[in-house]
Every structure is written in C-alpha cells, then in structure tokens.
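Encoded as structure tokens, the structure appears first; notes follow it.
The values are calculated or read from the model by the stated rules, or taken from the named source; none is laboratory data. Since this is a predicted model, take the numbers as computed values, not measurements. Heads up, the Cβs are rebuilt from the backbone with ideal geometry, glycines too, and the neighbour counts pull from every protein chain shown.
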Ligand SMILES: Cc1cc2nc3c(=O)[nH]c(=O)nc-3n(C[C@H](O)[C@H](O)[C@H](O)COP(=O)(O)OP(=O)(O)OC[C@H]3O[C@@H](n4cnc5c(N)ncnc54)[C@H](O)[C@@H]3O)c2cc1C
C-alpha cells in the first residue's frame, strides 16, 4: 500500500515539497495542513509591490486553485497542528482531528519576533508576515500619515521605501549603527542610508525603541530618550522559528529544527524544511536561513529523501531585496573578516561588492548589477580564486571571470 505523507505548514517549503514529491513519482496520499486562511502564497511581494498596490492579490498564490485536486493533495486550511505523536505516527490538529502518517514534513516557517516594551500591544502597532497583516496595515497606510518603523533590516526598509513612495512621513529607528547590519557590508549600508534619506526617510541609527505611548492607540514612540509622534508603527525586528511542535515531541532544535543534509530530523519518519530549520551549510557551519531559496531547495531535498532518493543539500544561498528602483541581489554568506572588493560606482547606482576569503569569491552583493550577481553566484559555487584587482576592473566583463 502507498505511504501517506503529511505536511505541516502550507507555505513556500510545503508547496514545493508537494510539487517535488509528485515529480519524484510519489503516488501516495498527501495532506497539507496550514493555519492561515490561504493556500500557499509568496511573501516577498508583501513588503514590496503588493504593499505599493502594484501587484494583484491573485498573483501572490503559488498554485492555481485546481492544482491541489489535480496533484492529489488534500489541503486543510485555517487549522493548526497541535501535537505530533511519534510512537503512533499521528499528527493531532487543534480541531481534534488526527492524521496518521508514514512520513511527515515540518514546514512551519518562522513567526515575527515581537517587540517587548511598554505599549507594545497598543492598537496601531503592526507586524508584517501574512496577507492578513498587509490588509491590516493597508487600511491606515495613507499619504500624510506618520509611520515609525522599528528595525532597519530588509522588511523595515522595504516598507520605508514603499511608504516614501506613497507619500507617508517615514522614520526608521535602528538600534545598530548602520542599516541591514546583520546582512550586508558597510558599503551597502551607507549606500542605502543615502538612498532612503534622499527619498525623505528620516533615519535614527543607534536608537533603540523604549516604549510606545498613546490614548487607546499608538501616538508616540519613545526612542533614545526622545519622543516622536506617530500615527502607525511597523515593527520589523526579525523572526523566530516555529519549532514548538518539534520540541514538543522531543526532536532537537537549537533556534531551528536540526536537520541533516537530506532535511531529515533525528526521527527517520520526520523531515523538515524552510525557515524553521537549522542545518550544516556548505561551509560546514550550522545555519538557519530565512529566504525563499532555502525553502525551495531544502524542500526539494526533503522530497527526494522522502522518495528514497538522497542528494546532499549544499546550494549557494541567495536573497534579494527591492527598495525604490534598486534591486539588491546577494549570493553566498559573508563574514566580517572577508576582504571587500568594490566593482563599479555606488554613485552610478549600479555596483557590486565581492567578498574574498582566502583569495576565493565567498559572497557577492550586487545593486542593479545582474551580471555581477549571476556570474558572482557561479564564482561562489566554484570557490573561484580571483584577484581583487581583476574583480574591481570594470573594463573586464564579468563573463570573462567565469
Ligand atoms: C514580508 C516578507 C518579505 C520577504 N521578502 C523576501 C525576499 O525578498 N527574498 C527572500 O528570499 N525571502 C523573503 N522573505 C522570506 C520568505 O518569504 C521565507 O523565507 C519563506 O516564506 C519561508 O518559507 P517556509 O515555507 O519555510 O515558511 P512560510 O512560507 O512562512 O510557511 C510556513 C507556514 O506554516 C504555518 N504554520 C506554522 N505553524 C503551524 C502549525 N502548527 N500548524 C499549521 N500551520 C503552521 C505558518 O503560518 C505559515 O503559513 C520575506 C518574508 C516576508 C514575511
């Protein structure tokens, strides 16, 4: 008899696993459980074109409505999984249903990190993770409104760019001394700070938020000992993995469900993929990635492994961010000790920063520079050794470096 697969989490990794399982010839029943009201959708546009109003809601969905029936995937929405009973191989749902499985995939993603400070629960304090979150924000995201954004990371800055475009009065509070400090090199932080200020965004670096105040709704942000008036607050201070189901049934999790390079947990019947996982990356260090690339690639590897075809996961991580008319594309994982090589001119709004480690290309950050990104990603995959002088020389075309 065909095996039964249950997938918990109807997001990017979950739907990829369904597609890949069918592609690998798995013919048994698949059930996917999601706690949101929607079938799997892409989140990146939520803080970009969708918030701007330039991306139709229907385009968010990763599959057409009829896909699920055709793929033989039962989709249970609006329902969260409550517990995993490993000995019986059963998933228990909050509505009391019990789903037996032969193989289980945990694709539960990550939830927003909540700011813990006085006034954090006041109406008007928003987060951005789901379609429902955007719907709530859209209702008040209007020209002339003062929006205080807590966190100068990707989400905060993408919302700042959309806010500035839509005529809101935008202030970004960042506790660190530069923007996107966890993710990009100082050259890029400075470049993006300049671009945001040019668009009228007020940046408050080195400024941690201490409290929100207001009468029945948020009206002020207290940060760095000062008070700032605000009509709306958007908090974007990172995410935490949804690992409680795994922890609850005794699977290892250290800030992410621990999986091997086939996306397997310590239980031979349970796999995990996407934002909720931690794995040993291609450089030999444990990492938890929060990006579409990892959700897709790790889910593909999980599906292969579930179909008893194993392939080691060692893809180069990549990521992108859209702010104004700037496309930032990053491949590889940078380290603070890398040697940085600038190629192109930030003033021309088209440049790249290469990260050299032991003489080899370890990562690339490209702004409006598709060839640098595309070929840079290949160089990272190959660990290609190139001198800083060659990389910086824009008279040498990128394709010549490959
Ligand atoms: C606003 C925004 C912008 C982004 N922009 C980019 C970008 O530009 N580039 C990029 O690479 N990445 C971006 N990301 C990150 C990217 O969307 C995630 O890395 C990706 O969605 C991870 O896929 P996943 O399947 O692991 O998790 P998700 O897509 O989050 O799916 C997990 C699902 O599981 C559900 N779930 C959790 N627990 C349970 C439970 N117990 N029972 C049932 N269901 C459960 C969750 O509610 C969720 O629906 C962005 C994310 C956000 C929020």
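Worth pointing out:
- Any chance residue 155 is within 20 Å of residue 120 (Cα to Cα), touching a helix residue (DSSP H, G or I) at 6+ places or on another chain (Cβ under 9 Å) and crowded, with 22+ Cβ neighbours inside 10 Å: yes
- Residue count for region 47-59 satisfying the condition of being in a helix (DSSP H, G or I) and touching a helix residue (DSSP H, G or I) at 6+ places or on another chain (Cβ under 6 Å): 3.
- Flag: residue 37 matches the condition of being within 15 Å of the ligand (Cβ to nearest atom), assigned by TED's automatic domain parsing to the domain that holds residue 276, surrounded by fewer than 22 Cβ atoms within 10 Å (Cβ to Cβ) and part of a loop (DSSP other than H, G, I, E, B).
- Among the residues of region 131-165, those identified as under 20 Å from residue 238 (Cβ atoms), in contact with a strand residue (DSSP E or B) (Cβ under 9 Å, 6 or more places away or on another chain) and part of a loop (DSSP other than H, G, I, E, B) are 151, 152.
- Hits in region 81-90 - residues which are in contact with a strand residue (DSSP E or B) (Cβ under 7 Å, 6 or more places away or on another chain) and in a loop (DSSP other than H, G, I, E, B): 89
- Enumerated strands (runs of 3 or more DSSP E) restricted to region 227-294, each holding at least 1 residues that are surrounded by fewer than 16 Cβ atoms within 10 Å (Cβ to Cβ): 239-241, 277-280
- Restricting region 91-113 to residues that are farther than 20 Å from residue 296 by Cβ and in a loop (DSSP other than H, G, I, E, B) leaves a set whose member that is nearest to the ligand (Cβ to nearest atom) is 94.
- Checking each residue in region 303-334 for being more than 16 Å from residue 366 (Cα to Cα), in contact (Cβ under 8 Å) with a residue 24 or more places away in the chain and part of a loop (DSSP other than H, G, I, E, B) picks out 307, 309, 310, 311, 312, 313, 314, 315.
- Qualifying residue in region 68-77 (condition: more than 23 Å from residue 22 (Cβ to Cβ), outside any helix (DSSP H, G or I) and touching a residue at least 12 places away in the same chain (Cβ under 8 Å)): no
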